[in-house]
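The values are calculated or read from the model by the stated rules, or taken from the named source; none is laboratory data. This structure is a prediction, so every number in the text was calculated from the model and none was measured. Note: ideal-geometry Cβ built from the backbone for every residue, glycine included; neighbour counts use all protein chains shown. Keep in mind that these areas ignore ligands, DNA and RNA; they rest on the heavy atoms of the full protein, side chains included. Shrake-Rupley method; radii C 1.70, N 1.55, O 1.52, S 1.80 Å.
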Amino acid sequence: TPLWLDEALSVDIASAPLADIGGLLRHDGHPPLYYYALHVWIELFGTGAFAVRALSGLVGLGVLAMVFVVGRRHGGPRLARAAVALVAVSPFAIRYSSEARMYELVTLLVLVGWWLVDRTLDVLDAGGRPARGALVGLWLLSGALLLTHYWAIFLLGAVGLVLVVAAWRARGPRRRGLVEVTVAVALGGLWFVPWLPAFAYQSAHTGTPWAPASRPTRLVSESLIDWSGGIDPEALLGLCVLVVLLVLGLLGEVRDGRLTLGRPTGGWQRRAAIVV
């Protein structure tokens, strides 16, 4: 299909000289990282609809790989395969990996961040110290998220708050390690500092002023509907399956071959629930 409005704007801005992209984005309302990446991609492959969308398609393959890595970490190969299958047929994931926008890149960065934070917390639980490479990775990744989409501010703020509370409650080497992780995430904001003047201008002059603020209930319900593909009968059936899977994933635990439901008892489920 032809590029729709937002995709066409992405290509138009990314096709400009690299030095001009920042100035053009002052009137668009987004940070620059995806547009720089798309600029390089266009230099290599052109501006055709298939070509510019292929960047998100390639990132989408990376998303599936990271879903497998995270799933295997939390539940072994069986969970990893099930998670990849679920994401591979998700209408939202398919849309994001087939349009010339930054959202699939956001998904990939979040999954890499999830993996880095979870690995580091496991090291702390075992009495170790955070690896320097992991801290550097969190620093770079936090900056990349902020320069890809502004809503990363909310995610990083929630993660930082959870880490601060965990550090306050911890003692000894674990507290020191949690402080190091928190600082690494916070220092990612330094990458955003040069972009602050453009961000301030965008906040005052761009955005969607005609759109009303969303209530939390609407935000949750519309997200679930979109993840399932809309309000068609098949999508609504998919929504029922998705809700069941979310409940099982968050509250379910297998003990002696039996599935039990209850509040998250710890580990990644509890951390993820608190951040959300």
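With protein chains left intact and a 1.4 Å probe, residues in segment 40-177 average 53 Å² of accessible area per residue.
Quick check on the chain: what does the Kirkwood estimate of hydrodynamic radius come out to from the alpha carbon pairs, in Å? Don't skip to the end; give the middle numbers.
Details: mean 1/r = 0.0485 Å⁻¹.
Averaging 1/r across every pair of different Cα atoms and inverting gives 20.6 Å.
Based on C-alpha pairs under 8 angstrom that are at least 6 apart in sequence, segment 151-214 has a relative contact order of 23 percent. When the chain is described by a simple charge dipole with +1 on each Lys and Arg Cβ and -1 on each Asp and Glu Cβ, the residue from 152, 168, 84 located farthest towards its positive end is 168.
Using a Förster radius of 45 Å, what is the FRET efficiency between residue 165 and residue 245 based on their Cβ-Cβ separation? Nearest 0.05, please.
Values: r = 28 Å, r/R0 = 0.63.
Between residue 165 and residue 245 the formula returns 0.95.
Provide the gained length on full extension for the span residue 158 to residue 206, in nm with one decimal, where the gain is 0.36 nm per separating residue minus the Cα-Cα distance. Before the final figure, lay out each step's value.
Values: separation 48, 0.36 × 48 = 17.28 nm, distance 2.54 nm.
So the extension gain works out to 14.7 nm.
Once the chain from residue 237 to residue 219 is taken as fully extended at 0.36 nm per residue, the excess over their C-alpha distance is 4.5 nm. Here the simple spin-label model places points 7 Å from the Cα toward Cβ, and for residue 132 and residue 4 these points are separated by 4.7 nm.
Length gain on complete extension for the stretch residue 259 to residue 16, per 0.36 nm per residue less the alpha carbon to alpha carbon distance? All intermediate terms of the calculation are to be shown ahead of the outcome.
On the way: separation 243, 0.36 × 243 = 87.48 nm, distance 5.56 nm.
The span from residue 259 to residue 16 would gain 81.9 nm if fully extended.
Sketch the reach of a paramagnetic label on residue 69 as a point 7 Å from Cα along Cα-to-Cβ, and name the residues of segment 139-182 whose backbone nitrogen lies under 16 Å away. Answer for this model: 139-142, 144-145.
With all protein chains present, how much of the accessible area of segment 178-236 (probe radius 1.4 Å) comes from carbon and sulfur, to the nearest whole percent? For segment 178-236, the apolar C and S fraction of the accessible surface comes to 70 percent.
With an 8 Å Cα cut-off and a minimum separation of 6 or more residues, compute the relative contact order for the chain in percent.
Details: 299 pairs, mean separation 49.9, N = 276.
About 18 percent, as a whole number.
Surface composition of segment 1-73: carbon plus sulfur atoms hold 69% of the accessible area, using a 1.4 angstrom probe and ignoring ligands, DNA and RNA.
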